[in-house]
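**Student:** Below you'll find the structure I mean.
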Amino acid sequence: MDVTVAKAWFQRYADVISEEKALLTRLDSAIGDGDHGANMARGWKAVQEELESFTGGLSDAFLLVSRTLISKVGGASGPLYGTVFLRMSMALKGKETIDETDWSNLLQQGAEGIAQRGKVTGGEKTMYDVWSVLPQAAEETAQQGEDELTLVTRLAQIAREKADATQEMKATKGRAAYLGDRSIGHKDPGAESTALLFDALRSTLA
Ligand code: ADP
Ligand code: MG
Ligand code: MG
């Protein structure tokens, strides 16, 4: 991944979020306050606009996303995704390009950022259930000698499985936790938007 790929990824994800806004709204209406679609669409539309005049490097592109999401998204997901992209931006400082061996560390930074900012651990039915398994999956796939597209395809598959698996979990963090057992049977909206993020990366590289 270089800055051209990163920009294409973010542009594509903004399009996906705009297309899937209703899905995210529906998921958040069932177990939250129904604004995850609107929150994400507002934030990523702003990212898309900011990218039009952007000329910086790889780390700067991630910083642009972080700043834009923090200022535009609000809610729980704004600072959480904002922290993910900030930590990744810091990890990318001084690098023009990364390859399959770098993804594990990058994802680890993102996952740690969510854990700290959200005071969350695995099994609480949040986006962290997706993020938390990706660093090791990346590490193992890179060790098998696979290329970046294969690695990212694997990440997208695992993210999809993990997001779908939040459906049967009981929420203990975020707004959904107020519902207790009634949160069971509904997929977590932030886990879904995370799965879409990695599928957008896969289709950008493919
Ligand atoms: P809000 O809940 O403030 O309305 P959003 O609807 O945009 O914000 O985002 C909700 C998503 O944020 C949830 O589906 C969940 O994945 C994630 N989330 C909420 N609280 C936490 C937390 N403490 N740790 C990790 N993720 C969280
Ligand atoms: Mg919400
Ligand atoms: Mg809200």
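The values are calculated or read from the model by the stated rules, or taken from the named source; none is laboratory data. These numbers were taken from a predicted model, which means no experiment stands behind them. Positions of Cβ are generated from backbone atoms using ideal geometry, with glycine treated the same way; all protein chains shown enter the neighbour counts. Surface accessibility is based on the protein's heavy atoms, side chains included, excluding ligands, DNA and RNA. Shrake-Rupley method; radii C 1.70, N 1.55, O 1.52, S 1.80 Å.
**Student:** Around I70, under 14 Å between beta carbons, what's the net of Lys plus Arg minus Asp minus Glu among the other residues?
**Tutor:** Computed value for this residue: +4.
**Student:** Could you check the simple spin-label distance between R182 and E52, using points 7 Å along Cα→Cβ, in nm with one decimal?
**Tutor:** So the label points at R182 and E52 sit 4.4 nm apart.
**Student:** If you don't mind, there's one more thing I want to ask. Could you tell me which of the pairs K21/K170; K45/K173; K21/K45 are separated by over 20 angstrom between their Cα atoms in the structure shown?
**Tutor:** K21/K170; K45/K173
**Student:** Helix-derived [θ] at 222 nm for the chain: sum -39500 (n - 2.57) over DSSP H runs of at least 4, divide by residue count, nearest 500?
**Tutor:** Helix contribution divided over all residues of the chain: -22000 deg cm²/dmol.
**Student:** Please list 3J(HN,Hα) in residue order for the range 186-194, calculated via the Karplus relation 6.51 cos²θ - 1.76 cosθ + 1.60 where θ = phi - 60°; whole Hz, with x for glycine and proline.
**Tutor:** Residue by residue, the range 186-194 yields 10, 6, 6, x, x, 5, 5, 5, 5 Hz.
**Student:** Compute the acute angle (0 to 90°) between the alpha-carbon long axis of helix 134-143 and the principal axis of greatest extent of the alpha-carbon atoms of the chain; round to the nearest 10°.
**Tutor:** In the chain, helix 134-143 runs at an angle near 40 degrees to the longest axis.
**Student:** If you plug each phi of the range 68-78 into the Karplus form 6.51 cos²θ - 1.76 cosθ + 1.60 with θ = phi - 60°, what whole-Hz ³J(HN,Hα) values come out, in order, with x for Gly and Pro?
**Tutor:** Working through the residues one at a time gives 5, 5, 5, 7, 9, 7, x, x, 6, 6, x Hz.
**Student:** Right, here's the next one. Carbon and sulfur together cover what percent of the accessible area of the range 1-156 at a 1.4 Å probe radius?
**Tutor:** Here it works out to 46 percent.
**Student:** While we're here: Kindly identify the range 1-101 as rounded, prolate or oblate by the Cα gyration tensor criterion: order the square roots of the eigenvalues as a ≥ b ≥ c, call it rounded if a/c is under 1.5, otherwise compare a/b with b/c, prolate if a/b is larger, else oblate.
**Tutor:** prolate
**Student:** Let me ask something else. What residues qualify as long-range amide H neighbours of T126, i.e. H under 5 Å apart, gap of 5 or more or another chain, H built at 1.01 Å from N?
**Tutor:** Answer set, sorted by chain and number: none.
**Student:** Follow-up. Measuring from centroid to centroid over Cα atoms, what is the spacing of the range 126-175 and the range 1-72 in Å?
**Tutor:** Here the answer is 19 Å between Cα centres.
**Student:** For helix 21-31, report the angle its Cα long axis makes with the longest principal axis of the Cα atoms of the chain; keep it between 0 and 90° and round to the nearest 10°.
**Tutor:** 40
**Student:** Where does helix 36-52 land angle-wise versus the long Cα axis of the chain, in degrees 0 to 90, nearest 10?
**Tutor:** Once rounded, one gets 20 degrees.
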